[in-house]
Structure formats: C-alpha cells, structure tokens
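A.B. asks: Structure incoming, see below.
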Amino acid sequence: MGDGVVRAQHGFVLRTSDGWTLTGNALRWDLDSGDVFATGAVVLTIPGGERDGVRVPGVRLEAEHLGFHRSPSGQLGAIAEHGEAWEVRAFLRMGQRLMRLSCDHARFDRKAITLEGLRGDGGHGGLFGIAAGSFVIGLRETPAEDRQGFERQVEDISAYHLRPTLAGVPFFYSPVVYRDFRLDYPWTRYEVGASSRLGYFGRAWLGLSLPPIADWRFEQKFRLDYYSEAGVPLGSRTSWAHPDFGEGQFLYFGFDQETVLREQDQPLGERSAYVLDAEHRLDWSGGAAYGRAVHLPDADPGFPQDERFRNDYLNTDLYHRPLARQGLAIAQSWAGASVVLDTDTKAHEGLDETDRLFGAQVLVPTISLGGPLSASGQAWGERLEQDTLGESADRLRYSARFGGDHWFDNGLGIGAGLGAQGLSYFNGAYSGIDIDDAHRVVPQADAHISYQMVGRFGDVSHRMVPTIGLIVSDDGQGDTLPVFNFDDNDDLTEDTQQLELGFETDLTRNSLSFRFSGTTLWGIRDEDLPAGRTSADNLGQHLRSAVLDFTGRPIASLDLDARGVWDGDLRRWQDFDSGLAWVPHYRTELRARATWRPDDDAWQFRPGMSIHGDRYHLDADTVFDDNGEEFRSIAFAITRSMVDGELRIGYRIDRDADGREIDQSITVAFSIDTFNLY
C-alpha cells in the first residue's frame, strides 16, 4: 500500500457508510484517484430493510468485472459517483417475489443503474420473461423507510424497447414502459370464464406508470372485455397525484353496443351504455376539497334505474364506492369553527334522489367558557330539489346549546344544558306552485348523571359507566311547517319528554377484551310513546330507540362484534349486524356475519372460510336467507401462487329472493406481479 494503492488478491469485503456492500475475489483501489476495480465473482448489494427481523437485500448485482470511481478520500464512504460492470446478473426482491435480470454491460452512478441488452425472468419455473434494449433503475436520494425489498432504494424503472415473452417467445412490444415505485403499482390481470347470463367472457387489465411531469405522477390502466352474450366493452382508468395539488382519477367503461340481459336467455334489447367517473381530492392545513362528476347509463328497458350495469362490469368499483353521487365540497376548520360549502346531485335523472344544488354548513364545536361551562352550535343552509315528487325549497336548519359538565374525583359526573333547534323553509314549491316561507323554533333542555367505576383485579381491569338523563323539548314557536320529503332533516321533534338510559363497560386482560356501549330513549308520557301507541301495558312499549355496540376478543384468535339500531316507531331493528372472525390455526380463517334486512323483514347469514397453504389459497363464501333452506349465493376460489404471479380459479352462483337462478359463472384469472412494470 506504499504507492497509495490497496490490493486484495485473495478475496475482499467492502462496506460503504450508506450500507452498500461489495465483495469479490480480487480488488485494486487507488486512494489518490478514487478508482476501484474488482474482478472474479463480484457482488454489489444495496440494502432493502428488514422483514420479520431478517435483513432483506434490495438490489443484488453480480458481475465478473466491476469498476467505479468516487472522490478520493481515506476511506470508502458513500455511494460511488459512477461505475461500470460486465457480464452482469441483477436480482431485485419485489415483495415475496424475485426478478432475475442479466445483461452484458451495466453502468451505475448515484442516481441510476442502467442495464444494456437486458434479459429477465422470475426464476426457475417461470413462464413469463422480458427483454429490453436498456433497463434503467432509478435510485432514491434517501432510502424509503416505509418500503421493503428493492423498493426501499429504487424510485422508478424505465424499460426501452421492451419485449415481454411467454415461454421465450415475444408476444408484445412497447418502445418505453415507465414504472414509478413512489405510487401503488398498477398490475396486469387476465380472467376467462363462463356465465349463465352473460355467456363466455374474457377480461384483461393492462396497467403502467407514465413518466412524471413537473412532480405530477400518473398511472394508466386499460381494460378490454369480451362477453359472448352482452358484447365487447372497453375501459380505462387514469390516476394522478401531486405532493401539493392532490390526487384523483378518471374512469371510463362502456359498450358501443350492449345486449341487455336481466335473466338467463332473456335479452331486453340493445343500447349504447357507458360509465364516466372523474374525481379529485386536495388536502391542505386545516382544510380539504373534493370534486366528483359521474355519468351512469340509462335504466334497462322496462326496469327502474339501478346499479345492474356497475354490478355486472364494475363490481370492485361499486364495492369501494357504492354511492354514485356527483358534486363539489370545500371544507375549512379553525380553532373555533368549521365551514363546509358543497353541492351534491344524483348521477342520473332517473334516480329517485334529492339534489342539493348548494349547501353551506357552519359548525361550532364545544367551546369552553370557563370552568365546566361550554357552548356549541351549528347551522346548515341548502337549496334542495326532489324532481320525482316535484318539491323544491331553500332549507335552513340550526341548533345551539349552552351548558356544563363536571366530573368529581369520586367518579360522579353531572351535566345539564339549555338550547334550541330551528327549521326554516324559503322559496318552497310543490309541483311548481309556490308556498309561503315558514320558520319554527323548538326550545330544548337536557340533564344527566353518570357514575364511573374502575377496578383492577390482578392483570384484569374493568370499567363501568351507567348514565341516566332527561331530554325535554317544548312546544315549537312560529309557523306551521310545510311537509317536504327531502331527507330525515325535514323532521323537527317538539313537545317530548324522554328518559335516557345509557351503559358503557369494558373489560381487558392481556389480549382478552370486551367492550359494550348502549343508549336507549324511553317515552315518559303517553304522548311520548312510539308512533301508533296511545297507551302502554308494559315498560318495553315505552322504548323509542336504542343504539347498541359490542366488540370482544375472548381469546387472541377470535374477534366478535355486533351493532344494532332499534326504531320504536317502526317496532323493528332499523339496522343490526353481527359477526365473528376466528383463526383456529395460522393457516385457517373462519368467518360469519348475520345481518337484519329491514326492507325484507328477514335475516341474512354469510358464513365463509379461508385456508392458506405455502402456494395454495382457498376461499369459500355463501349467503343464506333467514330460514337457512335457500342460499342466495355461493362462491369458491382457489389461488395458486406461481413464480410469475397468481393463478385463480373461481366458481359463483347467485339466486334471487324466490330461489331462481340469476347467474352462474366460472372464472380463471391470472395476475402478473413479478414484472409489475405493466
């Protein structure tokens, strides 16, 4: 080393200050010039974080010869300024999968690794591969702490003259493909199958990331379907994101000529049908804005407007965004108030829904006035139209409360308040006939007493909080209000005396936990009884409403939950849903839910299970009516994890409430996620 050159002829290991590791058989390192040259089984490793406590390599580069240059210094510090390698093999760990690449020549620097004349596959047994003229791996300035594998160090990938191959045979060509790992990746998926209603079908999704433009990041996904009975639709989804200007998407899916089928072998006609759905979301300090525009196809011939089209062809989108509403909303919050301005209209004129042409809402949260005293209030003004009923009006609803709450050291809590609710209508009309403006205010008062009891017995902790309260509203003052049917906010309750009973408790012990909360309202006088009752023979007939919520974990592998809303006026559960999820073995999951459907006056049960193997995954789900004799749907799916992605085979059958078969389908799907550049 006397000449300023470090030599290693029997193997070496070098580590940089940022975690890069270089090993090989022989090394020559010129300390004066900063040139490093390695030969013989050279391996360059870029760290990729840890998974389950084990260090995961991000990028692994193997070469017969490798050289790089960095600024001269006394030690090997940060990443090399630039370098080259020959006879290269690169391994990129992508989640649970491995991308294996090889090329004759590679160049790298602080910003990117470029592989020239690239060939790649997913390892032994893979059917899919890629070939490219050049393959550029962009590196992050600093590692992404929230990512694992090579995504921790890799920012994006650009492939030029890309040729995907199947069993070594090219089947596609693209001059450039860009993949941005700062966004959730798009994925390529293919499905084929048969449906008793839609016929034989094939579906294909092809997604790619587009090059960034002025910090805007774009993703594009294309979709092509074929249905032997319904037709051939096309679709696309463009997504975008900007660190300062928010994120959004634009969806198109439609048929130039769709054969409409409601049931098997019963076409209702042909028509052009499509969905357009655009949205954008923007957040800033203390506020947010959201806009959405939607177009839905016309109703099927002879049927009311419904979601049949989206349920058939955009089922996943319908699940995540069930309400197809359009409008614009802007919200801003300060320390003492929040303001929301919005418009919210139906997506199709055939829907029986209320349009809010404009709305302005001011919320004043509970503000401390000193000691136990506080005040709160809100006001909401709207311009509403209900085309089906021919109703329109400007509506203003407002409320205010002044009161106080205090908890004593012994666990006793008391509270009381005075307030009012008001409702006003302006510029109202029934079927084009103007009606007079009307205003009404209802004074209100409330009081409650609670007592919190907390105990600890060894490693078990328990808390109980019973509450009793009184809620009173006086006779309303002002005009008689017109009867509108816009929504539930048209109701203004007055002249009531109700008893409030509440109870909250939780029990915990290590992983064991139970929590229950319930609030009930009871009519005190005969005139406060639920609708339709003038007298009561027992206490239960005084019940106006109840809200119950329960969650529990009796053992670490079992979760329970239930939530219900009882409506005393209708004398039924307005909503009740309960379920369990049990993992008796780390490879097995059992689940079940029971839901009350008030419109059908019936229960619905949804049991299911999943079994996880090393490479196979089985899912089974079914839906039963309350009598348990007829099923509404059955779905089975088995998924095989492969080198290149996942192969999924599924079967599903659906029936209506009368037990008639609506549809029966078999689906074979393959998703490519090793080379998720697409």
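A.B. asks: By the gyration tensor of its Cα atoms, with a ≥ b ≥ c the square roots of the eigenvalues, what is the shape of the range 462-546: rounded for a/c under 1.5, prolate for a/b over b/c, or oblate?
C.D. replies: prolate
A.B. asks: How are the Cα pair distances of the range 369-427 distributed, in percent, across 5 Å bins from 0?
C.D. replies: 4, 15, 16, 14, 12, 10, 8, 8, 6, 5, 3, 0
A.B. asks: Given the protein chains as shown and a 1.4 Å probe, how many square angstrom of Ile213 are accessible, to the nearest 10?
C.D. replies: Roll a 1.4 Å probe over it and Ile213 shows about 110 Å².
A.B. asks: Of all the accessible heavy-atom surface of the chain, with the other protein chains kept in place and a 1.4 Å probe, what percent is carbon and sulfur?
C.D. replies: The C+S portion of the solvent-accessible surface of the chain is 56 percent.
A.B. asks: Any idea which of Leu251, Ala132, Leu590 is furthest toward the positive side of the dipole for the chain, if Lys and Arg beta-carbons carry +1 and Asp and Glu beta-carbons -1?
C.D. replies: The Cα lying farthest towards the positive end belongs to Ala132.
A.B. asks: Work out, in µm²/s and without decimals, the Stokes-Einstein translational diffusion coefficient of the chain at 25 °C, 0.890 mPa s, Rh from Kirkwood over C-alpha pairs.
C.D. replies: Reported coefficient: 78 µm²/s.
A.B. asks: Could you order the peptides 513-520, 201-208 from most to least packed, using the average number of other C-beta atoms within 10 Å per residue?
C.D. replies: Packing proxy ranking, top to bottom: 201-208, 513-520.
A.B. asks: How big, in percent, is the set of alpha carbon pairs in the range 403-488 lying more than 22 Å apart?
C.D. replies: The proportion of pairs with Cα distances above 22 Å equals 55 percent.
A.B. asks: Right, something else. Under a point-charge model restricted to the Cβ atoms of Lys and Arg (+1) and Asp and Glu (-1), what is the dipole moment magnitude of the chain relative to its Cα centre, in debye to the nearest 20?
C.D. replies: 3500 debye
A.B. asks: Continuing with this model, one more query. Hey, if we sort Glu141, Glu155, Glu84 by accessible area with the 1.4 Å probe, largest down, what's the order?
C.D. replies: The ordering from most to least exposed comes out as Glu141, Glu84, Glu155.
A.B. asks: Normalised by the residues of the chain, what does the relative contact order come to in percent, with Cα pairs under 8 Å and at least six apart?
C.D. replies: Computed value for the chain: 7 percent relative contact order.
A.B. asks: Please state the shape class of the range 525-575: rounded when a/c is under 1.5, otherwise prolate if a/b exceeds b/c and oblate if not, all from the C-alpha gyration tensor.
C.D. replies: Judged from the Cα gyration tensor, the range 525-575 comes out prolate (a/c at least 1.5, a/b above b/c).
A.B. asks: Here's a follow-up. Can you give the accessible area of Thr45 in Å² (nearest 10), computed on protein heavy atoms with a 1.4 Å probe?
C.D. replies: For Thr45, the solvent-accessible surface is approximately 30 Å².
A.B. asks: Charges only on Cβ, +1 for Lys and Arg, -1 for Asp and Glu: so what's the dipole of the range 224-358 about the Cα centre, in debye to the nearest 20?
C.D. replies: Using Cβ point charges on Lys, Arg, Asp and Glu, the range 224-358 gives about 480 debye.
A.B. asks: Where does the chain land at 222 nm, in deg cm²/dmol rounded to the nearest 500, when only DSSP H runs of n ≥ 4 count, each adding -39500 (n - 2.57), divided by all residues?
C.D. replies: Using -39500 (n - 2.57) per qualifying helix, the result is -500 deg cm²/dmol.
The values are calculated or read from the model by the stated rules, or taken from the named source; none is laboratory data. Quick caveat, the model's predicted, so the values are computed rather than measured. Neighbour counts run over all protein chains shown; Cβ positions are idealised from the backbone, glycine included. What goes into the accessible areas is simple: the full protein's heavy atoms, side chains included, and nothing from ligands, DNA or RNA. Shrake-Rupley method; radii C 1.70, N 1.55, O 1.52, S 1.80 Å.
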